[in-house]
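Written below as structure tokens is the structure these notes are about.
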Amino acid sequence: MEYRELGRTGEKVPTIGMGTWGMGSYSSSDERAHQVQALRRGIELGMTLIDTAEMYASGRSEEVVGEAVRGNRSGVFIATKVSPEHLLRADVMKACEASLRRLGTSCIDLYQVHWPNRAIPIKETMAAMEDLVSQGKIRYIGVSNFSPAETTEARDALTKNEIVSNQIVYSLANHTIEAEVLPYCVREKLTLIAYSPLNQGKIDTQALPKALLLKYGITPAQMILNWVTRNKQVVAIPKTTNLAHLEENASSVAVRFDESEYQQIA
Ligand code: NAP
């Protein structure tokens with residue numbers, strides 16, 4: 001697995017982590033057990049950055065993650081998110097406690113503001129986040145779906161800590177963030193956590209250069225994940241519970257292409 005520095009923290013996270021949107025929704029205990037097993041297998045394969053949110057499956061995604069990391073907490077970097085309707089101080093505190101309980105941990109590695117909420121002053125949210133760091137309940141503060149201007153506002157509201165990451169949609173099908181958000185992250189040394197990197201499974205295989213797929217002996221999903229993470233500031237969190245797909249995703253950045261080859265992809 002390739003590793004990248006999270007923001008300017010010195011902390012290394014894998015370039016390919018795992019998303020969990022949709023996990024926690026299951027129709028049987030077998031299906032739940034499969035989700036837990038898939039995450040455990042992904043961890044074994046090196047995808048030790050796991051992204052979840054209090055919002056996913058009304059908290060049950062965090063419970064599945066909690067079960068998957070039980071007995072191996074120190075080997076995993078857990079990122080979760082506080083919902084935009086919970087950004088007042090008391091709500092942030094309550095949401096964090098509930099996430100800690102569901103995750104079965106005493107500390108969240110990366111606590112992200114899921115979406116901005118203009119109705120709540122970001123200063124209040126960031127002060128609460130800093131208190132959570134001081135209390136040892138979270139290690140790093142991140143944002144998600146923030147514009148550069150919103151990210152700057154959040155950073156300016158912090159007094160002791162930094163915003164280390166912005167989680168945002170980035171795939172071959174949607175790379176609008178290359179105009180402003182990515183250059184901002186590169187310049188300011190924030191990690192860009194690419195969500196829906198496989199366009200939620202809608203992969204346009206025909207649009208990919210066949211010669212490159214053959215040259216490197218890789219699958220379309222691997223080519224896309226490799227392309228999405230070609231900038232050193234980017235990590236990606238594809239979601240899958242399919243064991244073959246997990247293996248594919250984990251080895252998607254085993255080789256890097258030439259710059260001219262990346263340009264053939266998009
Ligand atoms: P995604 O990872 O782009 O795509 C997931 C889909 O791709 C699944 O249907 C999966 O199906 C398929 N897939 C995965 N690996 C594959 C492979 N190697 N080959 C072929 N198909 C593959 O979409 P996502 O779940 O929306 O995004 C990833 C994560 O980002 C989420 O789970 C969540 O943690 C996060 N997210 C965050 C936000 C936010 O607002 N911050 C929003 C959306 C998502 P199989 O299970 O069959 O493999």
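Looking only at segment 211-266, residues that are polar (S, T, N, Q), within 14 Å of the ligand (Cβ to nearest atom) and within 18 Å of the chain's Cα centre (by Cα) come to 8 in all. Taking each residue of segment 145-166 that is farther than 19 Å from residue 115 by Cβ and looking for partners that are open to solvent by less than 20 Å² (accessible area, probe 1.4 Å) with beta-carbon atoms closer than 6 Å, six or more apart or interchain, yields 160/130; 161/130; 161/141.
Scanning segment 167-191 for residues that are within 12 Å of the ligand (Cβ to nearest atom), open to solvent by less than 20 Å² (accessible area, probe 1.4 Å) and in contact (Cβ under 8 Å) with a residue 40 or more places away in the chain gives 167, 170, 171. Checking each residue in segment 126-144 for being away from the ligand (no atom under 16 Å from the Cβ) and of a type outside the set (Lys, Arg) picks out 126, 127, 128, 129, 130, 131, 132, 133, 134, 135, 136, 138.
Listed by position, the strands (runs of 3 or more DSSP E) enclosed by segment 4-90 that each have at least 3 residues that are among the hydrophobic types (A, V, I, L, M, F, W, C) are 77-82.
Checking each residue in segment 9-34 for being open to solvent by 10 Å² or more (accessible area, probe 1.4 Å) and not charged (D, E, K, R) picks out 9, 10, 21, 22, 25, 26, 27, 28, 29, 33, 34.
The values are calculated or read from the model by the stated rules, or taken from the named source; none is laboratory data. All figures in this text were calculated on a predicted structure; none of them were measured in a lab. Counting neighbours? That spans all protein chains shown, and the Cβs are built from the backbone with ideal geometry, glycine included. Areas reflect the complete protein model, heavy atoms only, side chains present, ligands, DNA and RNA absent. Shrake-Rupley method; radii C 1.70, N 1.55, O 1.52, S 1.80 Å.
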